[in-house]
Amino acid sequence: MTTEMVDWELAVSIGSRLAGAGPQVTAEDAAATVAELRDGADRSTSYVKEFTGLDAGARTAPVLVVDRAAWIRANAEGFATILTPVIDKVTEKKGPPGPVTQAVGSRITGAEVGGLLGFMASKVLGQFDPFHDPHGRLLLVAPNVVHVEREIDADPRDFRLWVCLHEETHRVQFTAVPWMRDHLFSQFLALAETVEPQRFLDEGLQRIVEAIKNGRGGSLLDILGSPEQKEILDRVTGVMSLLEGHADYVMDGVGPGVIPSVDSIRGKFNERRKGVGTLDRLLRKLLGLEAKMAQYRDGAHFVRSVVDKVGMTDFNAVWASADNLPTLAEIHDPDAWVARVHP
């Protein structure tokens, strides 16, 4: 008994239906977008390597240009990988449910996951999936790229390369630093050991209702996290802030030399990151996406501060081992990381 408790096919079906297909484009424009994103990812590899000094060597991870439905399916597979330890824990504690309970429960859970994926699928421009064997995979969501470039009136060729620079940096991070994948997964496993699934579902659903009715409340993890969970989440947040901030730092460092309209793109995109409409902002807060935005900002400040102080070569000590990763406190105090790693 593992992921049968979640109806993943239902989640994919509901998520795809909620997300929709995205903007209307001709077949010729769609083909051109796919080709340009592939080319942008290929070009970005050398840009990232030259700027950062990170080299993946022979390790490779495929680049997939996908639609929203394919992104949803890929993330359902990723959720299944991450949630398996949690579900195994439930069945160990309570025993397997009866066939009727399991059928109803899996469909309810599938609907909940599908709703989350449907919302996210219209927002994500690209994503590196580190847990896809053997070395991960990079997903570029073509309809969302087209939607945003139209929304902010960006030059399509410039915007597509700009997106690729950020996402390709993530691909290089995980392929050039192969231990990162196992380290991150170990943190998810540690978090799984602390989860009380029934309490999370009961209080989480109540919090969602309260947030929608009253417009209050933080993210679910902030609300439900025990001290032990918060300690693990702080470690994960430190790592994710590093990864996201490093990618933003690279795209801002490389961009001016290869993307003519990069300043305009960055300004408009930062405004868009704030969310549009009350419901959108509420869902972003509830799902922890506001914290995600902070990861970009705080992580980029950390990377910029350290590189300015010790240079890129000494900054790259951050990739040497898990012991050299910044804590969440060090993300906000880059000098403390420098003092610890480069005494």
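Read-outs throughout are calculated quantities, based only on the coordinates presented, and are distinct from any laboratory measurement. On a predicted model such as this, the values are computed, not experimentally measured, just so you know. Reconstructed Cβ throughout: ideal geometry from the backbone, glycine too, with neighbour counts over all protein chains shown.
Round to the nearest 0.05 the FRET efficiency obtained for Glu193 and Arg272 when R0 = 35 Å and r is the Cβ-Cβ distance.
Numbers: r = 38 Å, r/R0 = 1.08.
In this case the efficiency is close to 0.40.
Say a paramagnetic label sat at a point 7 Å from the Cα of Ser261, along Cα to Cβ; which residues of the range 20-34 have their backbone N under 20 Å from it?
In the range 20-34, the label zone of Ser261 (backbone N under 20 Å from the point 7 Å along Cα→Cβ) covers 23-26, 29-34.
Please compute the net charge surrounding Pro334, taking Lys and Arg as +1 and Asp and Glu as -1 over other residues with Cβ under 14 Å from its Cβ. Intermediate results must be reported in sequence, preceding the final value.
Details: positive: Arg297, Arg304, Lys309, Arg340; negative: Asp298, Asp308, Asp314, Glu330, Asp333, Asp335.
For residues surrounding Pro334, the net value is -2.
Around Pro260, what is the net charge, scoring Lys/Arg as +1 and Asp/Glu as -1 over all other residues with Cβ under 11 Å from its Cβ? Don't jump to the answer; show the numbers that get you there.
On the way: positive: Arg157; negative: Asp155, Asp158, Asp263.
Cβ neighbours under 11 Å give a net charge of -2.
Report the full-extension gain for the segment Ala322 to Asp39: residue separation times 0.36 nm, less the Cα-Cα distance, to one decimal in nm.
Values: separation 283, 0.36 × 283 = 101.88 nm, distance 3.29 nm.
Gain in length upon complete extension: 98.6 nm.
What are the ³J(HN,Hα) couplings of the range 28-42, residue after residue, when phi is run through the Karplus curve with 6.51, -1.76, 1.60 and θ = phi - 60°? Round to Hz, x for glycine and proline.
Whole-Hz 3J(HN,Hα) from phi for the range 28-42: 5, 5, 4, 5, 5, 5, 4, 4, 6, 5, 4, 5, x, 5, 4.
Non-local amide H neighbours of Arg137 (under 5 Å, H modeled in plane, Pro and chain starts lacking H): which ones?
Asp129, His132
Once the other residues with Cβ under 13 Å from the Cβ of Arg68 are scored (Lys, Arg +1; Asp, Glu -1), what is the net sum?
+2
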